[in-house]
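Asker: Here's a structure for you.
The values are calculated or read from the model by the stated rules, or taken from the named source; none is laboratory data. Note that this is a predicted model, so its numbers are computed, not measured. We place every Cβ from the backbone using ideal geometry, glycine too, and count neighbours over all the protein chains shown.
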Amino acid sequence: MTLSKVSKSDEGLYKCSISHAGESPESWLAVVKTKEEEGSNEQTQPLTNLAQILMILLRFIIVLLFLVIGVIVYKKHKALKTEIVTDQKGLMNADGDTANELDDVTYGAV
């Protein structure tokens, strides 16, 4: 028989009393830790909770870091794309006209 929630102070002599059958002889009840209880006691429980909280916090920080990096890369890509579009529109000459290539510019001798 296994009893849970007992302590070393519960050790001692016990007997059973059954109506119409009498009493059993006294027997010594010993309290021992099982292998399951040795691995998890009340002192390690707060450490387990702390470890779980730290793991959740670490995951949150990693996701946040990836999000920030993604936004930075997106903005750089968008700025580069805008710069390429501006370059493709061509250069503005003194008259306000656009010249698609440097060869389209007319030079004069003074």
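Asker: When residues of region 6-23 are filtered for being surrounded by fewer than 11 Cβ atoms within 10 Å (Cβ to Cβ), of a type in the set (A, V, I, L, M) and closer than 25 Å to THR34 by Cα, how many remain?
Answerer: Residues that pass the stated criteria total 1.
Asker: Looking only at residues in region 90-110 that are exposed (fewer than 10 other Cβ atoms within 10 Å of the Cβ) and outside any loop (DSSP other than H, G, I, E, B), which one is modelled with the highest pLDDT? Give the derivation first.
Answerer: Here is the first cut: in region 90-110, the residues exposed (fewer than 10 other Cβ atoms within 10 Å of the Cβ) are 94-96, 101-103, 106-110.
Going one step further and asking which of them are outside any loop (DSSP other than H, G, I, E, B), we end up with 102-103.
Details: LEU102: 51, ASP103: 55.
Here the answer is ASP103.
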